Amino acid sequence: MQWRNSSERYGLLSMGLHWLMLLLLIAVYACIELREFFPKGSEPREALKTWHFMLGLSVFVLIWFRLGVNRLGHHPRIEPELPLWQKQSARVMHYGLYGFMVFMPLAGWLILSASAKPIPFFGLTLLPLINESKNVAEFIKQIHETVGTLGYFLVGLHTAAALIHHYLLGDNTLRRMLPKQD
């Protein structure tokens, strides 16, 4: 299998980044959801929150690399060709997912900054993006939580569309993002 995209399939780099981003998003959501099983202030709860922050910032770092790879690479054809409305829907969905993966970690970083809390990133402490403001922190936190809930729907809809294309429509939408099976 080749590293770069071809007109028929995504290459290993694009596939790897796609599936790595999915795993990171699952881990980010798992950390923030699982923290609820532990009392406030407890060590496991704080560790899960820290991992939520670090994995979220990892999404932020990797999404820029993924956007660059996406911009420079070919986009394999979908066969049979999709109707225009499906192409446009897919484009909107991808813009939504990319926007989500840029906005959410950035919002988290802003929340920690405005809360005057450290911004951990695998042994580093990142600089705050804005000055301390409890009101700003609370406002951004509400948006972050709302968009986080919408993220479940974005990822779910993206997954459902891929499965519908694969199992019901029988096109190669999903197969282009899977390793080639001989």
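Out of the residues in the stretch 21-69 that are crowded, with 18+ Cβ neighbours inside 10 Å and of a type in the set (D, E, K, R), which is farthest from VAL155 (Cα to Cα)? This residue is ARG35.
The combined condition, being outside any helix (DSSP H, G or I) and among the charged types (D, E, K, R), is fulfilled by ARG9.
Listed here are the residues, each with its yes/no results for (1) of a type in the set (A, V, I, L, M); (2) on the phi > 0 side of the Ramachandran plot.
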| residue | (1), (2) |
| --- | --- |
| VAL102 | yes, no |
| PHE122 | no, yes |
| GLU138 | no, no |
| LYS180 | no, no |
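Only one entry of LEU129, LEU106 meets the criterion of being on the phi < 0 side of the Ramachandran plot, free of Cβ contacts under 8 Å to residues at least 24 places away in the same chain and surrounded by fewer than 17 Cβ atoms within 10 Å (Cβ to Cβ), and that entry is LEU129. Against the criterion of being in a loop (DSSP other than H, G, I, E, B), surrounded by 13 or more Cβ atoms within 10 Å (Cβ to Cβ), in contact (Cβ under 8 Å) with a residue 12 or more places away in the chain and not hydrophobic (A, V, I, L, M, F, W, C), PRO120 does not qualify. Going by the conditions given, is MET101 under 23 Å from TRP64 (Cβ atoms), touching a residue at least 60 places away in the same chain (Cβ under 8 Å), assigned to a helix (DSSP H, G or I) and in contact with a Phe, Trp or Tyr (Cβ under 9 Å, 6 or more places away or on another chain)? Against the criterion (under 23 Å from TRP64 (Cβ atoms), touching a residue at least 60 places away in the same chain (Cβ under 8 Å), assigned to a helix (DSSP H, G or I) and in contact with a Phe, Trp or Tyr (Cβ under 9 Å, 6 or more places away or on another chain)), MET101 qualifies.
Each value in this text was obtained by applying a stated rule to the coordinates, not by laboratory testing. Just so it is clear, the structure is predicted and the values come from calculations on it, not from any experiment. In this analysis, Cβ positions are derived from the backbone assuming ideal geometry, glycine residues included, and neighbour counts consider all displayed protein chains.
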